[in-house]
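Let me begin by handing over the structure; questions about it come next.
The values are calculated or read from the model by the stated rules, or taken from the named source; none is laboratory data. Given the structure is predicted, the values throughout are model-derived calculations rather than measurements. Quick reminder, even Gly has a Cβ in these numbers, built from the backbone with ideal geometry, and neighbours come from all protein chains shown.
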Amino acid sequence: MRTAWTPLLALAIACGGGTSTGTAPGEGTTPGVAASPADNTRINERDRSPDAVTPMQQGEDAGDLEITRRIRQDVVQSGDLSMSAKNVKIITKDGVVTLRGPVKTPQERTEIADIAQRVAGVKQVDNQLEITAG
C-alpha cells in the first residue's frame, strides 16, 4: 500500500533533505579517521600548464590511435594491475606516448611503461605515472 507521504519523502531525499550520503553505513570510510574531501588543486594547476599533455592532445592519425588502442588493450588485459592502474591516461602524439595518472606501486608504474614500449610504432614513452597510497 502506498501512502500520501511516500512521494514527498522520495523528493526530500532526492533534494538532499534526507540523511543519505549515497553510501552504506561505514562504506568508504576508515574507522576512527575523519573523511576529507579530495584535493586535486595541485594536479589541476599542473594540467593548466602550456606544456602539460592532456587527452585533448591525442593524435588523430590512424597510427597514433592504433598505438593508444593497443596499449589500452594490453593494460586492461594485464591481471597484475589494480583498477586504478588500468584507468591511467594514455596519450599518443606522433608516436610519443605519455602516461599519466595514479598507480598503486612502483611495479605497476614500470609494468605500464614496459607495455607501452613494446607496442609497435612507439618512438618514446614519457612516464608521468604517480604512485599513490591506497
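GLY101 fails exactly one of the following numbered conditions: (1) at pLDDT 95 or above; (2) in contact with a strand residue (DSSP E or B) (Cβ under 8 Å, 6 or more places away or on another chain); (3) of a type outside the set (Ser, Thr, Tyr). What is the number of that condition?
(1)
Could you list, in sequence order, all residues of the range 78-134 that are in a loop (DSSP other than H, G, I, E, B) and within 22 Å of ASP61 (Cα to Cα)?
Of everything in the range 78-134, those that are in a loop (DSSP other than H, G, I, E, B) and within 22 Å of ASP61 (Cα to Cα) turn out to be VAL88, ASP94, GLY95, VAL119, ALA120, GLY121, VAL122, LYS123.
Filter the range 72-97 for residues that are touching a Ser or Thr at 6+ places or on another chain (Cβ under 8 Å) and more than 20 Å from ALA133 (Cα to Cα); which is surrounded by the most Cβ atoms within 10 Å (Cβ to Cβ)?
Looking at residues that are touching a Ser or Thr at 6+ places or on another chain (Cβ under 8 Å) and more than 20 Å from ALA133 (Cα to Cα), I get THR92.
(1) surrounded by 10 or more Cβ atoms within 10 Å (Cβ to Cβ); (2) in a helix (DSSP H, G or I); (3) at pLDDT 55 or above: which one isn't true of ARG42, the others all being true?
Of (1) surrounded by 10 or more Cβ atoms within 10 Å (Cβ to Cβ); (2) in a helix (DSSP H, G or I); (3) at pLDDT 55 or above, only one is false for ARG42: (1).
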